[in-house]
Amino acid sequence: MSETTVDDLETGAMTQTAAVLRDSADDMQAQNDAFTGTVGEIKAANPRMTCRNVNVYYDEKHAIQDVSLDVGKNEVISMIGPSGCGKSTFLRCLNRMNDTIDICRVTGEIKLDGQDIYDKRLDVVPLRAQVGMVFQKPNPFPKSIYDNIAYGPRIHGLAEDKDEMDEIVESSLIRAGLWKEVRDRLDQPGTGLSGGQQQRLCIARTIAVSPEVILMDEPCSALDPIATAIIEELIDELRENFTIAIVTHSMQQAARVSQRTAYFHLGKLIEVGNTDDIFTNPSHKLTEDYITGRFG
Ligand SMILES: Nc1ncnc2c1ncn2[C@@H]1O[C@H](COP(=O)(O)OP(=O)(O)OP(=O)(O)O)[C@@H](O)[C@H]1O
Ligand SMILES: [Mg+2]
């Protein structure tokens, strides 16, 4: 019999690890298949957005499956879950951003303050001002800092004159915590700011049109810990005036910024509840496996 080498042992270990991962993936798929409904309270005491039986398809792919969830006034709700589980897809439903994807089809009901946002007569331009979005990668327009903020208010006719526009620009930058850093360089390009400043500029741009809801898709994933801390503090302050839904891969971030947390797995909303409960005492096995780092 030939001698066992280190390579043999490593190969054996890798095969074993792969087998364990495969078994646990099969097990999680089985648990997902056996899913009968979201655990926890999908309703908010004071709902701003109500989503009922939402399904999203990319051609044949059923990316969101029968999700019902409220987003409450003045709350931050986090959406967490493994990559590909549908967090961004669901978030994009909330301001009809999925309309821009040809193969995407959304069914079910989504209301903002009681109004169906998928009503065929509804104009999506004002909707996207009411439900603003901040993306993973800061995306300032190739314009001055001032014009980045003034862009939306101009389109929506929110300012009567230059003084009013100046006021909107200033107050938006103050609320986004950026004013002091940029007040002397408002005519310089937004793209010349640091990554963290650009993300706050994008938040200021979203705030400038007085939205009701702000959607954030991994807003800090391109930022360093200091810039992240500034944005997290800002999210907490913004909650006073806005409703915020945030997708994040950082469970620490979800725990720090949100009052409610929704856990998605393979297109289904597995569990939703108070953030503290989700992280300390999850009810569903899939949630527990995810938050204890067993997969994801
Ligand atoms: N434009 C698209 N066309 C086709 N399929 C898509 C499209 N966008 C997303 N999908 C599919 O829908 C599913 C959900 O994707 P989604 O981007 O919503 O996941 P996610 O939870 O945001 O993942 P991540 O954490 O990696 O950002 C995935 O299987 C993905 O491949
Ligand atoms: Mg995503």
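Laboratory data are not the source of any read-out in this text; all were calculated from the coordinates shown. Worth saying up front: this structure is predicted, and the values here are computed from it rather than measured. Here the Cβ is made from the backbone with ideal geometry for all residues, glycine too, and neighbour counts use every protein chain on show.
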For 260-266, 157-163, 86-92, ranked highest to lowest by mean beta-carbon neighbours within 10 Å, the order is 260-266, 86-92, 157-163
Sort 216-224, 38-46 by the packing proxy (mean of other Cβ within 10 Å over each peptide's residues), most packed first. 216-224, 38-46
Pairwise Lys count, the chain - Cα closer than 21 Å, eight or more residues apart or different chains: 18
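Of the DSSP beta bridges with both residues in the chain, give the percent that are antiparallel, rounding to the nearest 5.
Looking only at bridges with both residues in the chain, the antiparallel portion is about 60 percent.
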If I model the chain as equal point scatterers sitting on the Cα atoms and use the Debye formula, what is log10 I(q)/I(0) at q = 0.09, 0.10, 0.11 Å⁻¹? -0.49, -0.59, -0.70
I'd like the distance between the alpha-carbon centres of segment 220-296 and segment 30-47, rounded to an integer number of Å. 16
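For residue 277 and residue 24, what does the FRET efficiency come to when R0 = 25 Å and r is the distance between their Cβ atoms, rounded to the nearest 0.05?
Calculated value: 0.50.
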Given the -39500 (n - 2.57) contribution per DSSP H run of 4+ residues, what per-residue ellipticity at 222 nm results for the chain, rounded to the nearest 500 deg cm²/dmol? -12000 deg cm²/dmol
Under 5 Å from the placed amide H of residue 39, counting only residues 5+ away or on other chains, we find 271, 272
Tell me the volume per residue, in Å³, of the convex hull enclosing the alpha carbons of segment 51-178. 150
Nearest 10 degrees is fine. How inclined is helix 225-238 to the longest principal axis of the chain, computing both from alpha carbons? 60
